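Enquirer: The following block contains the structure, expressed as structure tokens.
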Amino acid sequence: MKKTALNRKHHEMGGKMVEFAGFEMPIQFEGINVEHETVRNGVGVFDVSHMGELWAEGPQAFELVQRITTNDVAALSDGKIQYSCFPNGKGGIVDDLLVYRFNAEKYLLVVNASNTDKDWAWMQKNNSKNAKIYNASDSTSQLAIQGPKALEAMQSLTDTPITDMEYYTFKELEFAGVKDVLLSTTGYTGSGGCEIYFKNEDAEKIYTAVLEAGKAFGIKPIGLAARDTLRLEMGFCLYGHEIDDTTSPIKAGLGWLTKFVDGNDFIDRPLFEKQKAEGIQQPLRAFEITGKGIPRQHYEVVNENDEVIGEVTSGTMSPSLKKGIGMAYINKPYNKLGTEVFIRIRDKKVAAEIVKTPFYKA
């Protein structure tokens, strides 16, 4: 297994370590529920250094990124970020990612840990105009400092104003005495905060400083288990669950990051346009359990006649709502809001209702 630059610190702090995307990562420290609530109400810090960082530079960089991602890169200005995905040429998704624009000839693409090698190969394969691309994943560390108090807590570590930064923007700054740190107002928890990128050799220094600066705000180290419950309460897709090489962004409810505008001739555009025009027969939907039970990935969704009408992609007991929640691909007409469906949990039919996301509303 690979190890992040903070692996030793996680062991010292009592993290429960597991294999995740080829890395030894902390799944939890104090416990999922307390870590979840820490982020929802205050500030917590995740080590997400397993994520991938791929760069595209030079005169051909824009053309490459515009071609291989579904969102409209032309809409970005310097210092702005976009959520997007790589279409795979077969109607599916290679990965979902963030696109950072530094200038017209410099872009950072942040991808999922489990897909970094696949994403890098995809970039290389489609780099027909020879943009300058390089994979900085192995030399880059990343922390997600999340929660409503995160920016206020981190302001003491930099002289650059960060508390008034707009959502999905970034700055290069000196942070905790380290130069050239990238700080972005992004994250996958729905509770605000930031993510910071820096060199591996600065990881322990920055991590220690973050924990110290956050003491007055009740900061705690957070594991990947709480990261999953936090994102699911917001209805955010996770690769390998809601999206994969067989699902399109239209089917997954990600039409908003699939921009059919002039000049955005991305891979699979005609197919996705056709799907949008014709509609999806089994779209992604959110549900809340109204009976008793906890839904999990791959559980069957059935109707009152016990006919299979879908499959759960993600499910959990919501720490904030104290009820079972999940997402599933569900056949029409059972996917309308307010419709009662049933989740088959251990051979029992447990009632659920189709609802809107986010499940959790601050």
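Enquirer: Under a Cβ-Cβ cut-off of 10 Å, what is the net charge of the residues other than ALA176 that fall near it, where Lys and Arg count +1 and Asp and Glu count -1? Numbers along the way, then the final one.
Expert: Numbers: positive: LYS205; negative: GLU174, ASP202, GLU212.
With Lys, Arg at +1 and Asp, Glu at -1, the neighbours total -2.
Enquirer: Within the range 281-355, how many Lys pairs that are eight or more residues apart, or on different chains, come under 15 Å at the alpha-carbon?
Expert: Numbers: LYS292/LYS322; LYS292/LYS323; LYS292/LYS348; LYS292/LYS349.
The number of close lysine pairs in the range 281-355 is 4.
Enquirer: Please compute the modelled spin-label separation between LYS215 and THR339, points set 7 Å along Cα→Cβ, answer in nm with one decimal.
Expert: For THR339 paired with LYS215, the spin-label model returns 5.5 nm.
Enquirer: Can you pull out the chymotrypsin sites (Phe, Trp or Tyr not before Pro) in the range 251-330 whose DSSP state is coil and whose Cβ has at most 16 other Cβ atoms within 10 Å? Provide the component values of the computation, followed by the final result.
Expert: On the way: sites: TRP256, PHE260, PHE266, PHE272, PHE287, TYR299, TYR329; in loops: PHE260, PHE266, TYR299.
In loop regions of the range 251-330 (DSSP not H, G, I, E or B), the sparsely surrounded chymotrypsin sites (Phe, Trp or Tyr not before Pro) are PHE260.
Enquirer: Then there's this: Strictly over 26 Å apart at the Cα level, which of LYS2/LYS259; LYS106/LYS199; LYS276/LYS356 would you flag in this model?
Expert: On the way: LYS2/LYS259 36 Å; LYS106/LYS199 19 Å; LYS276/LYS356 20 Å.
Among LYS2/LYS259; LYS106/LYS199; LYS276/LYS356, the Cα-Cα distance tops 26 Å for LYS2/LYS259.
Enquirer: Given points 7 Å out from each Cα along the Cα-Cβ axis, report the ALA104 to LYS322 separation in nanometres with one decimal.
Expert: Distance between the two pseudo-spin positions: 5.7 nm.
Enquirer: Could you order the peptides 146-156, 205-215, 307-317 from most to least packed, using the average number of other C-beta atoms within 10 Å per residue? Let's see the in-between values first.
Expert: Values: 146-156: 21.6, 205-215: 17.4, 307-317: 19.0.
My ranking of the peptides, most packed first, is 146-156, 307-317, 205-215.
Enquirer: Among residues other than LYS149 whose Cβ falls under 14 Å from its Cβ, what is the net charge (Lys/Arg +1, Asp/Glu -1)? Walk me through the numbers before you get to the answer.
Expert: On the way: positive: ARG40, LYS215, LYS220; negative: GLU37, GLU152.
Surrounding charge for LYS149 is +1.
Enquirer: Calculate the length of the line joining the C-alpha centroid of the range 113-181 to that of the range 258-287, in whole Å.
Expert: 29
Enquirer: Let me spell out the model: positive unit charges on the Cβ of Lys and Arg, negative unit charges on the Cβ of Asp and Glu, origin at the Cα centre of the chain. What dipole size does that give, in debye rounded to 20? Display every interim value, and only then the final one.
Expert: Details: 42 positive and 49 negative charges, 133 e Å.
Dipole size: approximately 640 debye.
Enquirer: What net charge do the residues around ALA216 carry, taking every other residue with its C-beta under 14 Å from that of ALA216, with Lys and Arg at +1 and Asp and Glu at -1? Before the final figure, lay out the partial values.
Expert: Details: positive: LYS149, LYS215, LYS220; negative: GLU152, GLU212.
Around ALA216, the charge tally is +1.
Enquirer: For the chain, with the dipole built from +1 on Lys and Arg beta-carbon atoms and -1 on Asp and Glu ones, taken about the Cα centre, which of PRO333, PHE102, HIS50 lies farthest toward the positive end?
Expert: The Cα lying farthest towards the positive end belongs to PRO333.
Every number in this text was worked out from the coordinates using simple rules, so none of it is lab data. Here the structure is a predicted model, which is why all the values come from computation and not from measurement. Backbone-built Cβ (ideal geometry, glycine too); neighbour counts: all protein chains shown.
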